[in-house]
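Here is the structure we will look at, set down as structure tokens.
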Amino acid sequence: MGSGAGAAGGGWSRRRFVGALGGAAAVTALPAPAPPRSGSGPTATAPDRATAVTEQPSAEPSAAQPSKKASGPRPLYVGTYTSAEGGGKGIGLATYDSETGRITGTGTLTGIVNPSYLALHPDRRTLYAVNEQDDGAVTAVRLADRKILGARSTGGAGPCHLSVHPGGRWLLSANYASGSVAVHPLGDSGALGERTDVVKHSTPSPGPGQQGPHAHQFITSPDGGHVLAVDLGTDTVYTYRLDTRRGTLTEVAQAHTRAGAGPRHLTFHPGGRHAYLANEVDNTVAVCTYEASTGRLTIGEPQSTGSGSGTNYPAQILVTATGSYAFLANRGDNSLARYAVEADGARLRLLDTVPVSGDFPRQIAFSPDGTLLFAANQKSGTVSVFRVDAKNGELRLAGEPFASPVAVCALPL
């Protein structure tokens, strides 16, 4: 998810300034893999001693109980670049202790190219991964037996983000290199159907230093009425209406940052009327207002990320389930900024920053109960875990970071 050194150059190579893709062989088209036979590894790669496709994951709570405190080890999936020097061999498999935050590696799910971002179906039975390469694709994995259900083309290059529409019938993905967003239908089994739409961001013109559009995120609004795409290259957040019968997109609004901000990641406040935007290129965050009736987003003034005087590229911002605190991952400063969320979501107040205990925190995620925060540190190849104090939002490091090759996404279940 996201460009490497900030996208000041805007190009594909700029996303690869860390862990560059290695040559043309690493970015060939990904065919839809044939489903593996029961008990065997995926056919896309040779057998790997670390492959764990026959392992059974821990039992998942039902979708109606996502915040129930779990006991015992919980599943953790780690995204990586398989074609990067020193990268992983697929999706990292691990468990974590929900009390201590301690992570234990359990293997690797091979046969998936560059799974740099991961998402879970609302019914918690299927995992989805981008295949971040020139011929972009998305892959579905059944969690019960970790069987690959197949891959589908995104119709673009370098998909870096995906999410599942709350109804569970559509997968939304963002193609960074080609600046487009795509929609795929999801079957009852969680398997992917052929793409129903792809839209390239053609207006406005690219921002300063950008060579073209760079779609970085594609999510659904809290009310479910609209889907929003954040584009770093055009300094724009696009709002679409998704036809939930046909899987097609209709643009209804655009929100523009100041020129050269390079918006990367948007997170909504639980109240649904405000959102927070991390701007990668100009190293700022902004509070936004959202109108559910029209889908219109209004972007406020840029604010500090809390980073020091060195170069910094904010990556992702999260808000607690109570809506009281927000956290921002700072790549370069290698810190997590803590904000108090005030005025019913309309204001962010920077409180402090804490070291992330890693290098280049690319992505952050809460455990389902919100008591832990996971940070995937790309350059150090680690996942840091923090305890989140429910009363004041303070973060406390929970033990030594977990080593995982080129960790760019951590998804705790």
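If you check 106, 100, 82 for being open to solvent by 10 Å² or more (accessible area, probe 1.4 Å) and assigned to a strand (DSSP E or B), only one passes: 106.
Remark: pairs (first residue in the stretch 341-355, on the phi < 0 side of the Ramachandran plot; second residue open to solvent by 60 Å² or more (accessible area, probe 1.4 Å) and at pLDDT 95 or above; Cβ separation under 7 Å; 6+ apart in sequence or on different chains) = 342/349; 350/304. Within the bounds of the stretch 317-325, is there any residue that is free of Cβ contacts under 8 Å to residues at least 40 places away in the same chain and out of contact with any Gly (no Cβ under 9 Å at 6 or more places or on another chain)? No, because not a single residue in the stretch 317-325 is free of Cβ contacts under 8 Å to residues at least 40 places away in the same chain and out of contact with any Gly (no Cβ under 9 Å at 6 or more places or on another chain). Of all residues in the stretch 174-185, those being assigned to a strand (DSSP E or B) and either open to solvent by 20 Å² or more (accessible area, probe 1.4 Å) or without any contact (Cβ under 8 Å) to a residue 24 or more places away in the chain (or both) number 1. Look at (1) touching a Ser or Thr at 6+ places or on another chain (Cβ under 7 Å); (2) over 22 Å from residue 164 (Cβ atoms) and you find that residue 294 fails only one, number (1). Restricted to strands (runs of 3 or more DSSP E) entirely inside the stretch 280-352, those with at least 2 residues that are open to solvent by less than 40 Å² (accessible area, probe 1.4 Å) and more than 24 Å from residue 220 (Cα to Cα) are 325-331, 335-342. Among the residues of the stretch 372-391, those identified as touching a residue at least 60 places away in the same chain (Cβ under 8 Å) and open to solvent by less than 50 Å² (accessible area, probe 1.4 Å) are 372, 374, 376, 378, 381, 383, 385, 386, 388.
The values are calculated or read from the model by the stated rules, or taken from the named source; none is laboratory data. This one's a predicted model, so the numbers in the text were calculated from it and none came from an experiment. Glycine also receives a Cβ, built like all others from the backbone with ideal geometry; neighbour counts cover every protein chain displayed. Heavy atoms of the whole protein, side chains included, go into the accessibility calculation; ligands, DNA and RNA do not. Shrake-Rupley method; radii C 1.70, N 1.55, O 1.52, S 1.80 Å.
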